[in-house]
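Enquirer: Here you go, one structure.
The values are calculated or read from the model by the stated rules, or taken from the named source; none is laboratory data. What you see is a predicted model, and the numbers here were worked out from it, not measured in a lab. In this analysis, Cβ positions are derived from the backbone assuming ideal geometry, glycine residues included, and neighbour counts consider all displayed protein chains. When the accessible area is computed, the model is the full protein with side chains, heavy atoms only, and any ligands, DNA or RNA have been set aside. Shrake-Rupley method; radii C 1.70, N 1.55, O 1.52, S 1.80 Å.
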Amino acid sequence: MDELLEKTIEECAAFSKKGKVASYIPELEKANPADFGIAILSSDGRFSRAGDCHKRFTIQSIVKPVLLLQALLDNGVEYVRAHVGVEATGKPFDAINYTEQSLLSDHINPMVNMGAIAMCTMIGGGSYEEKFRRLLDLTRRLAGNDSIELDERVYLSEKRTGNKNRALAYLLKTYNMIEDDVEEVLDCYFRACSIQVDCVDLAHIGFTLANHGRRMREEERIFPAEYASYVNAILMTCGMYDGSGDFAVKVGVPAKSGVGGGIMAVVPTRMGIGIFSPALDEKGNSIAGIRALETLSRKLYLSIF
Ligand code: GLU
């Protein structure tokens with residue numbers, strides 16, 4: 001398997017030249033577009049990796065499924081479903097998605113920014129400091145890595161420039177979809193996006209979702225199996241931004257990408273995959289990362305369809 005991953009990197013690396021690293025968060029522009037890593041954790045216990053799989057990057061939108069899990073753990077399915085919809089918006093992740101002077105929970109989903117900002121308010125905790133701490137703890141538990149930390153520079157860079165997210169959060173407040181102080185909620189969201197991970201962490205988090213809430217060789221469930229079904233279904237329809245349909249056809253597994261260049265893929269019951277290659281396509285997905293997943297899906301028969 002390590003060989004297959006190395007070959008996949010070799011074959012797909014050139015695609016990164018067709019993409020661009022994100023620059024709307026200034027600190028992300030410092031990424032090296034040539035970095036490329038893949039890690040896979042399979043249910044038979046095998047761990048395979050290749051390339052820059054220990055290089056760290058910010059989780060960005062891949063925190064959204066973790067946020068959703070935390071919201072589910074703290075509030076249950078009914079409450080979360082009533083406040084954040086599950087329909088694909090078909091629009092970019094940061095779209096101002098409201099119509100006819102109203103904004104309803106069905107206009108958003110957990111994988112777009114508005115939904116994720118709303119979910120920050122649902123994390124249990126007496127303060128936003130505590131809410132973020134709990135989210136960080138869940139990320140560490142899912143990844144089995146206690147050393148996961150915040151990238152302070154990316155956090156401050158986004159906090160300083162994230163005015164589109166500010167606009168989205170104030171809209172949520174205007175339409176009574178969040179009650180708390182907007183800047184506090186946003187601070188939690190910006191911190192969440194700036195959690196630093198590597199491909200190995202993403203493979204572990206993906207594996208836990210593939211394995212219905214249990215980490216490899218652990219009996220204890222981190223979350224109930226029904227939450228895995230909920231999260232994986234939404235990843236399938238909305239996880240790859242407005243490229244989710246195309247990804248479903250070409251790769252066919254639940255996945256989430258982030259503008260930091262990461263992709264986490266979940267192959268239910270079989271494996272978790274983490275990929276990092278920071279040059280993005282026009283929708284915000286890692287361009288070489290998607291190619292690599294297409295190749296792996298073909299060679300390992302990963303599509304669930
Ligand atoms: N922090 C980023 C933002 O809100 C996350 C976007 C992404 O990875 O899709 O713009």
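Enquirer: In Å, what Kirkwood hydrodynamic radius results for region 14-118 from the alpha-carbon pair distances?
Expert: With all distinct Cα pairs of region 14-118 included, I get 16.7 Å.
Enquirer: May I ask you to evaluate 6.51 cos²θ - 1.76 cosθ + 1.60, the Karplus curve with θ = phi - 60°, for each residue of region 122-129 and list the ³J(HN,Hα) values in order in whole Hz, giving x for glycine and proline?
Expert: For region 122-129, the Karplus-derived couplings read 8, 5, x, x, x, 9, 5, 4 Hz, x marking Gly and Pro.
Enquirer: When the accessible area of region 242-300 is computed with all protein chains present and a 1.4 Å probe, what percentage of it is carbon and sulfur?
Expert: 50 percent
Enquirer: Translational diffusion coefficient of region 110-149 at 10 °C, 1.306 mPa s, Stokes-Einstein with Kirkwood Rh over Cα pairs, in µm²/s as a whole number.
Expert: Value of D from the Cα-based Kirkwood radius: 145 µm²/s.
Enquirer: Could you tell me how far the Cα centroid of region 197-269 sits from the Cα centroid of region 170-191, in Å?
Expert: 26 Å
Enquirer: Run the accessible area of region 21-82 with a 1.4 Å probe and give the carbon-and-sulfur part as a rounded percent.
Expert: Ligands and nucleic acids excluded, carbon and sulfur reach 46 percent.
Enquirer: Taking DSSP loops as anything outside H, G, I, E and B, show the longest stretch in the chain free of GluC sites (Glu not before Pro) there with at most 14 other beta carbons within 10 Å.
Expert: Maximal segment without exposed cleavage sites: 1-86.
Enquirer: Please state, as a whole number in µm²/s, the translational diffusion coefficient that the Stokes-Einstein equation yields for the chain at 25 °C and 0.890 mPa s, with Rh defined as the Kirkwood radius across alpha carbon pairs.
Expert: Calculated translational D: 130 µm²/s.
Enquirer: So which of Lys159/Lys256; Lys55/Lys131; Lys7/Lys131 end up more than 30 Å apart, counting from Cα to Cα?
Expert: Flagged as over cut-off: Lys7/Lys131.
Enquirer: Out of region 211-305, which trypsin sites (Lys or Arg not before Pro) are coil in DSSP terms and have no more than 14 other C-beta atoms within 10 Å?
Expert: Arg217
Enquirer: A follow-up question, please. Which distance in Å, rounded to a whole number, links the C-alpha centroids of region 290-304 and region 58-129?
Expert: Cα centroid of region 290-304 versus Cα centroid of region 58-129: 29 Å apart.
Enquirer: Still on this model: Within region 134-224, what whole-number % of the accessible surface is contributed by carbon and sulfur, with the 1.4 Å probe and all protein chains included in the calculation?
Expert: Answer for region 134-224: carbon and sulfur cover 42 percent of the accessible area.
Enquirer: Would you mind checking which residues have amide H under 5 Å from Leu280's amide H? H placed 1.01 Å from N; only 5 or more apart, or other chain.
Expert: Lys20, Val21, Ala22, Ile287
Enquirer: Still on this structure, please answer the following. What share of all Cα pairs of region 148-200, in percent, falls into each consecutive 5 Å distance bin?
Expert: 4, 20, 27, 20, 14, 9, 5, 1, 0
Enquirer: Send over the Kirkwood Rh of region 1-58, from the inverse of the averaged 1/r over different Cα pairs, rounded to one decimal Å.
Expert: 12.8 Å
Enquirer: Report, to the nearest 10°, how far helix 182-193 tilts away from the longest principal axis of the Cα atoms in the chain, using its own Cα long axis and a range of 0 to 90°.
Expert: Here the helix axis deviates by roughly 10 degrees.
Enquirer: For the chain, what is the accessible area per residue in Å², given a 1.4 Å probe and the full set of protein chains?
Expert: Roughly 41 Å² per residue, with all protein chains present.
Enquirer: Further question: In percent, how large is the relative contact order of the chain, given Cα pairs closer than 8 Å and 6 or more residues apart?
Expert: Relative contact order for the chain comes out at 27 percent.
Enquirer: How tilted is helix 199-210 with respect to the longest principal axis of the chain? Cα atoms for both, answer in degrees (0 to 90, nearest 10).
Expert: 70 degrees
Enquirer: Considering just Cα atoms, how many Å³ per residue does the convex hull of region 157-305 enclose?
Expert: Cα convex hull per residue, to the nearest whole number: 137 Å³.
Enquirer: Taking θ = phi - 60°, what integer Hz values does the Karplus form 6.51 cos²θ - 1.76 cosθ + 1.60 yield along region 222-227, in sequence order, with x for Gly and Pro?
Expert: 7, 8, x, 4, 5, 6
Enquirer: Among Ser127, Ser229, Ser43, determine the one that fluctuates most according to a GNM of the chain built with springs between C-alpha atoms less than 10 Å apart.
Expert: Fluctuation is largest for Ser127.
Enquirer: Under a crude label model (7 Å from the Cα following the beta-carbon direction), how far is Asp181 from Leu104 in nanometres?
Expert: Label-label distance for Asp181 and Leu104, simple model: 3.4 nm.
Enquirer: Averaged across orientations, what area in nm² does the convex hull of the alpha carbons in region 92-200 project?
Expert: With the hull built on Cα positions only, its mean projection is 7.3 nm².
Enquirer: With θ set to phi - 60° and the Karplus curve 6.51 cos²θ - 1.76 cosθ + 1.60, what are the ³J(HN,Hα) couplings of region 68-78 in order, to the nearest whole Hz, using x for Gly and Pro?
Expert: Result, ordered by residue: 5, 4, 5, 4, 5, 4, 8, 10, x, 5, 4 Hz.
Enquirer: Here's another thing I want to ask about it. Could you check how many percent of all C-alpha pairs in region 136-233 are farther apart than 16 Å?
Expert: That fraction is 64 percent.
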